[in-house]
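The block underneath contains the structure these notes are about, expressed in structure tokens.
The values are calculated or read from the model by the stated rules, or taken from the named source; none is laboratory data. From a predicted model like this one, the values you see are computed outputs, not experimental measurements. Every residue, glycine as well, gets a Cβ built from its backbone with ideal geometry; the counts of neighbours run over all protein chains shown. The protein model used for the area step is the full one, side chains on, heavy atoms only, and it has no ligands, DNA or RNA in it. Shrake-Rupley method; radii C 1.70, N 1.55, O 1.52, S 1.80 Å.
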Amino acid sequence: MSNLINRLGLRSRSLLGCTRTSWSTPKCSTLSSSFQHKTFQAYRAASTTSSTALDKKPTFITTPIFYVNAEPHVGHLFTLVLSDVYKRWETLNGRPARLLTGTDEHGMKVQQAAAKVGIPAEIFCDDLAAVFKKLANEVGVDYDRFIRTTDQDHKDAVQFFWKRLQDEGYIYQSKHTGWYSVADETFYTEQQIHEVVNPATGLKEMVSKESGRIVEYTSEMNYHFAMSKLQPKLMDFYKANPDFITPYFRYKEVIDEVAQGLEDLSISRPVSRLTWGIPVPEDNSQTVYVWVDALINYLTASGYPFHPGKERALGWPADLHVIGKDIIRFHGIYWPALLLALDLPLPKQLLAHGHWTMNRKKMSKSDGNVVNPFFAIKRFGLDTIRFYMAMDGGVDYDADYSNEMIATKYKTYLQNQLGNLVGRVSFKGYDIRRSIENGRTEAYHDSPAEKALLELLEKTPELVTREFDNRSISGALKKIFELISVTHQYLTIIQPWSLVKKDTEADRESVDHCIWLCAETTRMAGILLQPFMPDKALEILDHLKVAEDRRTFEWAVFGKDREYANGIKHRVKMFPPIMTEDH
């Protein structure tokens, strides 16, 4: 709590002669009751939207915080890549942006996983958090904070948020009975579960219809969040914000679920069952429900409780929460309900992506079809994996992971198209500087291929932007490679490598025009590929000698830059062969 006081610019209560006997109002020997009231009111004002934000808000993008009960898998890798591409797209466009990722470290699953291996939960979390952070670093994620729910400022934020909910009358205590899934860390209603026979044991089990995970009937005294009160506000919000959840069919699913009625949410567990978590303020016999704890991480990283006038300084409200489809209820219902209860701004959009399968089957260790993301990066290379995730990753639906498909896509798109274009433009028989200086933006050869290329050179930046706006990074990547593909078709027709040998004035002009268009495709592709393949895009732009201050989106315009390619090297090989066997 002292850290929270310091962040808000207030002096420590102990220095002011205070002894805290309750969370809300400390007893102070030297302060008047009116000053105490004003101090607490400053806290309240700092966490509402009444203050006018004077600072410029950066675009705020988040991954979910990853649960540390097991090591990361390819699904985590995909989420990281998606989020990072969106963050880099913002910075490419000159807009300030922040990216948050991290780990969710409390809850029953972690408590049980740590006990199973016989080490303290704190050490267990330290070890696995380091693994997730290593994955984020190895996949080149440009994050601004790696948050852990064991961070002190997060614990402070959660307890402050809880107290605010109490003050607003949204928390009450009662006995709760219901079906709880430890694996999902959530209670399910009778309508959300069913009985199945375990094929391995032949025993009957109650499981969640949604996740298929075992549920257990529990009865306990805990705290509840009066979420049912917020159903009208939630429905009004959904209707006013039809783009709140993408893809749209998931938005419809959430609306349909809320329209059927909301139950109040159990938001604590008895310490007798759960010790590894944040204590409920003023009641050490209860632990804060892991999902309430976890969701507030987005606020913690935004500086909550906010300094008055600084609510937007670190990006809140979030512009984009990137999540997996399995946690849409928590982010699409629980999270906005919690924020509405305190009149806090809601995130602008959730992107709920699909999962990765292998051989059309859900990945599982028992089936031996789990992909280790570290092995994948080591085998194929960082940019290849990022390219594959962006190109084939499923947003609307699940995607099927295949080593053979990675190798095929690598050869088709990266070697034969992108790499080959860089090599062709760098052919030693061309004077590329002369071509750039003499190049013209209108047609030279009267051919459909050239007209198609000129049209795409003009339109591709706009087309890529439109795909990003529609939350389709796969579509954006395909638009870039469509430009590259059309350029190859044009090259095949003109064949400048043959014309250069004739050395007539007309042939030289023809070669210059052709190489100029191809160089522009390569330069613009290098700029536009930076969010997807930061290392290879850098290599391309360095090879072309594009000035560092001319690599932003505003320079991805046909004909805008004519100062590159001074002292360019010839015939580079950017994409060497890789292993193709599928194992």
Quotient of Cα Rg and 2.2 N^0.38 Å for the stretch 208-262, N being how many residues it contains: 1.45
Heavy-atom accessible surface of the chain: percent carbon and sulfur, 1.4 Å: 50 percent
Convex hull (Cα only) mean projected area of the stretch 402-555, reported in nm² to one decimal: 9.7 nm²
20 Å binning of all Cα-Cα separations within the chain, expressed as whole percents from 0 upward: 18, 45, 26, 9, 1
J(HN,Hα) series, the stretch 515-523, from Karplus relation 6.51 cos²θ - 1.76 cosθ + 1.60, nearest Hz, glycine and proline x: 5, 4, 5, 5, 5, 5, 4, 5, 5
Dimensionless Rg/Rh of the stretch 223-323 - Kirkwood Rh, Rg from C-alpha atoms: 1.02
Placed amide H near R148: partners under 5 Å, 5+ positions off or other chain: T103
Structure-based [θ]222 nm, the chain - -39500 (n - 2.57) summed over DSSP H runs of at least 4, per residue, nearest 500: -13000 deg cm²/dmol
Heavy-atom accessible area per residue - the stretch 207-284, 1.4 Å, Å²: 50 Å²
D (Stokes-Einstein, µm²/s), Kirkwood Cα radius, the stretch 273-342, 1.567 mPa s at 4 °C: 94 µm²/s
Calculated from backbone phi, Karplus (6.51, -1.76, 1.60) coupling profile of the stretch 292-297 in Hz, x at Gly/Pro: 5, 3, 5, 4, 5, 4
Trypsin sites (Lys or Arg not before Pro) within the stretch 288-392, DSSP loop, no more than 13 other Cβ atoms inside 10 Å: R360
Square roots of 5 times each gyration tensor eigenvalue, C-alpha, the stretch 126-176, largest first, Å: 34, 13, 10
Amide H contacts of A565 (H built 1.01 Å from N, under 5 Å, at least 5 apart or other chain): K545, V546
Residues whose placed amide H lies under 5 Å from that of V280, excluding near-sequence neighbours: Q286, T287, V288
Radius, Kirkwood style, for the stretch 258-411 when every pair of distinct Cα atoms is counted (Å): 18.9 Å
